[in-house]
Amino acid sequence: MLKLILPAIHFFGLIGFIIYKARSPFFQFMKDRQRDISEGLNRSKTQANAAAKMKKEIEAKWATLEGEKAMIAKEWEDKRLSQAQVVQESAVRVVAQTRREAEQNRVALEAGVAAEALGDFKRAVLVRAMEKIQKSLTPEVQARLQKQFLNEISGGGAR
């Protein structure tokens, strides 16, 4: 058994010596590994916070865009309504102006027709009067009228 104890002591001594010598690098490795993991977690936490902040900003912008979209739609509808009103008012003015012009044209046309009818009537009366005068004018009356006309022209005066 002594044969087994001595190698076991040497073996455990060697293991102890290796652990003693490797302890410092092993603990350093573990500390470095812990620090790397902590730094990675901290970076992840920072990135997660930055992502959450960006998400909030994007959501705020999205809400703003929805409001702007609604505002633009309302402005477009208001413009459309005001333009429709302007067109309607313009149409009313054009119709009123057209009616006034039509009335003026009607009055002018009636006046022109009345004036033409009066002129035609006057011409017809004159033609009729001339025909009556020519029928009632005998050669004796014509001779007397010619004599009277010549007297007036020569300065003799009317008789």
If R₀ is 22 angstrom, what is the calculated FRET efficiency for the pair Glu152 and Arg128, using the beta carbon separation as r and rounding to 0.05?
0.20
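Note the count of lysine pairs whose C-alpha atoms are less than 20 angstrom apart in the stretch 1-71, limited to pairs 8 or more residues apart or on different chains.
7
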In whole angstrom, largest first, the equivalent ellipsoid semi-axes that the Cα gyration tensor gives for the stretch 79-151 are 65, 10, 4
Could you give the radius of gyration (one decimal) and Dmax (whole number) of the Cα atoms in the chain, in Å?
63.6, 199
Kindly write out, for the stretch 51-64 in residue order, the coupling ³J(HN,Hα) from the Karplus curve 6.51 cos²θ - 1.76 cosθ + 1.60 (θ = phi - 60°), rounded to whole Hz, with x marking Gly and Pro.
5, 5, 5, 5, 4, 4, 4, 5, 5, 5, 5, 4, 4, 5
Would any residue of the stretch 18-33 have its amide N under 15 Å from a label point 7 Å out along Cα→Cβ of Glu39? List them or say none.
29-33
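Provide the gained length on full extension for the span Val87 to Trp62, in nm with one decimal, where the gain is 0.36 nm per separating residue minus the Cα-Cα distance.
On the way: separation 25, 0.36 × 25 = 9.00 nm, distance 3.68 nm.
Result for the pair: 5.3 nm of gain on full extension.
Here, each number is a calculation from the coordinates, and none is a lab measurement. Remember, it's a predicted structure, so these values are computed and weren't measured experimentally. No Cβ is skipped: glycine too gets one built from the backbone with ideal geometry, and neighbour counts run over all protein chains shown.
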